[in-house]
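Worksheet: the structure to be examined is printed underneath.
Nothing in this text is a laboratory measurement; each read-out follows from the coordinates by a stated rule. The structure presented is a predicted model; accordingly, all values stated were derived computationally and were not measured. Every residue, glycine among them, receives a Cβ derived from its backbone with ideal geometry; neighbour counts consider all protein chains shown.
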Amino acid sequence: MPADPVPRAQAATVSVVIPNLDSPVVDRAIEAILAQVGGRPDEILVVGRDRPGRLERFLTPGGRTGSGSDIPIRLVETDGPRLPGAARNLGLAEARGEILVFTDADCVPEPGWLAAHLARLATGETLVGGAVRYDADDYWMLADNLSMFHECDADLPAGPRPYLPTLNLSVTREAYLAAGPMDPDLPRGEDLDWTIRAAAAGHRPFFEPAAPIWHRPTRGDPRAVWDHWFQSGRWMPGVRRRHPDTLSAPGWLRVPALVLLLTPAIAAVATLRLFGPGKPGRRHWRSLPAVYLTKVAWCIGACRPLEVPQRSASR
């Protein structure tokens, strides 16, 4: 670790990369990043498409770069939809920063978000994940977030983790190069896959709850939440097979007929683990039935797994 980590981290250039597929709320993410206190990026790159035009007021007329502040915002347009991993790879190829920060088009960082990331990186960490906060007034969004991101709850303590999500992540360029690009063909679990590979390359994932974002996806009804979790269930068995040491599971979970038979019990156990003493679900008891539904959807999806090509965890 360098002898003077804080000054060197503060002097490092910072690029924020946001994958975007016609999000109707990406402008809220941009506004929150421009309003950061105690830390600021040197550039913001939005990668993908913006057919709703939510970025137009941030861009120079007739151009693709601009901002109402002195922080340049670049729209890296793609000729069609890109999966999140592929979009992040494109953004990283364009980014100039020594520190690379990820968030998503449906996330709203809190004012001290970036400063907390930079402060933790200044201690010598090279891969830092921030916390996820939940809006409690939208029932299905709350259940979806709680079920997916309970391991990144803002009330949990800081410390090393086996993996982290990419909706709130910072990484040094050295760590990114060591792990290699994200899998451009994985629609689910690409963040777990990538952060586990980074850990195998010597860059441990570290959770920093002082760097929170609000995750506000457009999944606001039971059907959308069910589809999201069903598809996650279809892809995750293959991701688990890539990383058996980190994402271990009993052998019987590889038998679809047995998983289907035991789905009510598996979903019940997974749900109750979120609502036990000291767990995030304790603050949101009313979401328990919907969280249970997400676990049922995941199990049913896992009974129809999709093929995920194998690759080395260190690649």
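Taking every DSSP beta bridge that has both residues in the chain, what percent is antiparallel when rounded to the nearest 5?
On the way: 15 of 37 bridges.
Taking every DSSP beta bridge within the chain, about 40 percent pair in antiparallel fashion.
Take peptides 48-57, 204-213, 25-34, 82-91 and line them up by average Cβ neighbours within 10 Å, highest first, as a rough protection proxy. Can you show the working numbers first?
Working: 48-57: 15.9, 204-213: 21.0, 25-34: 19.5, 82-91: 22.9.
Peptide ranking by packing, descending: 82-91, 204-213, 25-34, 48-57.
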Residues with amide H under 5 Å from that of E43, placed H, sequence gap 5 or more: V14, V16
Computed [θ] at 222 nm, helices only, for the chain once each DSSP H run of length n ≥ 4 contributes -39500 (n - 2.57): -12000 deg cm²/dmol
Two-site FRET efficiency, D221 against A35, from Cβ-Cβ distance with R₀ of 22 Å, rounded to 0.05: 0.10
Spin-label zone in segment 183-219 - amide nitrogen under 20 Å from a point set 7 Å from the Cα of D135 along the C-beta vector: 212-219
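Apply the a/c threshold of 1.5 to the C-alpha gyration tensor of segment 5-215 and tell me whether it is rounded, prolate or oblate.
Values: a/c = 1.31, a/b = 1.18, b/c = 1.11.
Taking the square roots of the gyration eigenvalues as a ≥ b ≥ c, segment 5-215 is rounded.
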Spin-label model distance (nm) - T78 vs D22, 7 Å beyond Cα toward Cβ: 1.4
Rounded tilt (10° steps) of 113-122 against the dominant C-alpha axis of the chain: 90
Inter-label distance, nm, simple model (7 Å from Cα along the C-beta direction), S248/T123: 2.8
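Quick check for me: using +1 on Lys/Arg Cβ and -1 on Asp/Glu Cβ, what's the dipole size of the chain about its Cα centre, in debye to the nearest 20?
On the way: 36 positive and 35 negative charges, 191 e Å.
In debye, rounded to 20, the chain gives about 920.
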Positive minus negative residues near F102 (Lys, Arg vs Asp, Glu; Cβ under 11 Å): -1
For segment 169-207 versus segment 229-308, the gap between their alpha-carbon centres in whole angstrom: 23
